[in-house]
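Beneath this line is the structure, given in C-alpha cells, with notes to follow.
A short reminder: the numbers here are calculations on the coordinates, not readings from a lab. Computed from a predicted structure; not experimentally measured. Using ideal geometry, Cβ is built from the backbone for each residue, glycine included, and neighbour counts are taken over all protein chains shown.
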Amino acid sequence: MEIQIGELEIHKPLLLWINDGLMAIFFLLVGLEIKREALEGELSTLAQIALPGIAAAGGMAVPALVYVLFNLGSPAELKGWAIPAATDIAFALGILALLGSRVPLTLKVFLLAIAIIDDLGAIVIIALFYTKDLSLMSLLLASIGLVTLTLLNRLRVVRLAPYVLAGIFIWVCVLKSGVHATLAGVALAFAIPIRARDDPEHSQLRELEHILHPWVAYGIMPIFAFANAGVPLVGITVATLLSPLPLGIAMGLFVGKQISIFGSVWLAVKLRLCALPQGATWPQIYGVALLCGVGFTMSLFIGTLAFEDPQRAVGVRIGVLGGSILSAIIGYLVLRMATSERSRTGDVGQKASTRLQ
C-alpha cells in the first residue's frame, strides 16, 4: 500500500500500516489515560503511585531477566528481552471485571495503576531501545511539530482538529526518522488539554478518550491481534515450543510477573513503605500479580519491533500466547477462590453478628 503527496512517499505493506498506523492510535489512547490518571486520577499523588510504582518496576525488570537467562546461549534472541515486560491493560482488566462486585474497587484501581505505569515504561523502552538508523532532518521536522503542539496547549486551543493535524505531521516525520511512529500518538496525547480555560466543566482529553475507546477496543485491537497473533501450526514440534525464545517469553510472563509483583508488594508492605489497597487480601494481590502476566497486545507489539524474520516471529507469538493464556486462567481461578473465601467469611461474620443482636 502506497501514499504519495508530491515528493513525500510512504510505501509499506498492510501489516506495517497496522503496526505503525493503527497502533499509533492505540498509543494515543494509552497516552490520554496516563495523562488523566497522572493529573487528577489514581496516579496524581505520591501516596497513590508508590505501591503500584514499586510493583510495576519489579514486574518489568524480573520478567526481562527471566527471558535473558533462558536466552543467554542465543545472542541473536537477546533483542527480545522487553517482550515479557509488558502488561495488557484491556485484557487484564477485562478478566478482573468477570468477577464483578466481589472484587473490591481498590483492587481494580491497583491493577489499573500497575498496567498504566507498565505501559509508560514500555513507551520509554520502545523509544530508547527499538529505534533504527535515525534521520536527523526528520527528527528536526518532528520537533517543529512538537513545538506546535506545545503552543496549542499553552494557548488553550480547545478544538481538536489543530492537534490532530499536528499529530499526523509528527507521525509522518517520526515514521521517516527511524524512531517508532507509534510514539507520535503519545506525544499528541500529552498535548491535549485536560480542561478548557473558559469551560472548566468540559474536558477535551476525556472527550477524545471517550471517542477513541470503542474504536480501539472493538476495532484496532482485534485487527492487530488478527494480523499478528496467528501461529502457523505446520512444522511446529515439541522442540519448537521448548526452544529458548518462546519458553523465555512464556516463563517471563507467567513466572517472572507473578513472583516480582507479589514479592515487590509484600516487601514494600512489610517494610512499611506502603499499605495494601483497602479491603484487599494477600490471595487477591497474588491473583492480580498473575493477571499482570497477560502481555498479549503490548508484548506482541514489542515482539514485532524486536524480530522481523518469520521464524522468530512465530516463536514470539507462541511464547506470548502461552504465557498470557496461562496467566489469565490461573489468575482468574486464584481471584475467584480468593473472593469466594472472602464472601463466605463475610457471610459467617454477618450471621454471627445478627445472632448476637
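Rounding to the nearest 20 debye, state how big the charge dipole of the chain is about its Cα centre with +1 on each Lys and Arg Cβ and -1 on each Asp and Glu Cβ.
1080
Exactly which trypsin sites (Lys or Arg not before Pro) in the range 134-189 are in a DSSP loop and have at most 10 other Cβ atoms within 10 Å?
Within the range 134-189, the qualifying trypsin sites (Lys or Arg not before Pro) (loop, at most 10 other Cβ atoms within 10 Å) are ARG159.
If contacts are Cα pairs under 8 angstrom and at least 6 residues apart, what is the relative contact order of the chain in percent?
Values: 507 pairs, mean separation 97.1, N = 357.
Once normalised by length, the contact order is 27 percent.
What does the charge count around ILE95 come to, taking other residues whose C-beta lies under 12 Å from its C-beta (Lys +1, Arg +1, Asp -1, Glu -1)?
Result for the neighbourhood of ILE95: +1.
Tell me the angle of helix 310-356 to the major Cα principal axis of the chain, expressed in degrees between 0 and 90 and rounded to the nearest ten.
Long axis of 310-356 versus the principal axis of the chain: about 30 degrees.
Tell me whether the chain comes out rounded, prolate or oblate; compute the Cα gyration tensor, take square roots of the eigenvalues as a ≥ b ≥ c, and use a/c under 1.5 as the rounded threshold. The partial results should precede the final answer.
Details: a/c = 2.10, a/b = 1.25, b/c = 1.67.
Cα axes put the chain in the oblate bin.
Given N residues in the range 50-118, what is its alpha carbon radius of gyration divided by 2.2 N^0.38 Å?
1.35
For the range 46-147, run through the trypsin sites (Lys or Arg not before Pro) and keep only the ones in DSSP coil with at most 16 other Cβ atoms within 10 Å of their Cβ. Intermediate values should be presented prior to the final figure.
Numbers: sites: LYS79, ARG102, LYS108, LYS132; in loops: LYS132.
Hits after loop and neighbour filter: LYS132.
Can you quote the Å³ per residue value for the convex hull of the Cα atoms in the range 131-279, rounded to an integer?
Working: hull volume 35.7 nm³, N = 149.
Per residue, the Cα convex hull of the range 131-279 comes to 239 Å³.
Using only the alpha carbons of the range 123-183, determine the length spanned along each of the three principal axes and report them from longest to shortest in whole angstroms.
Principal-axis extents of the Cα atoms in the range 123-183, largest first: 35, 23, 16 Å.
Please say if the range 245-323 is rounded, prolate or oblate, where rounded means a/c under 1.5 for a ≥ b ≥ c the square roots of the C-alpha gyration tensor eigenvalues, and otherwise the choice is prolate for a/b larger than b/c and oblate otherwise?
Prolate shape, in that a/c is at least 1.5 and a/b is the bigger ratio.
Could you tell me the convex hull volume per residue, in Å³, taken over the Cα atoms of the range 19-91?
Per-residue hull volume (Cα only) is 109 Å³.
How much mean residue ellipticity at 222 nm does the chain get from its helices, if each DSSP H run of length 4 or more adds -39500 (n - 2.57) and you divide by all residues, to the nearest 500 deg cm²/dmol?
The per-residue figure over the chain is -22000 deg cm²/dmol.
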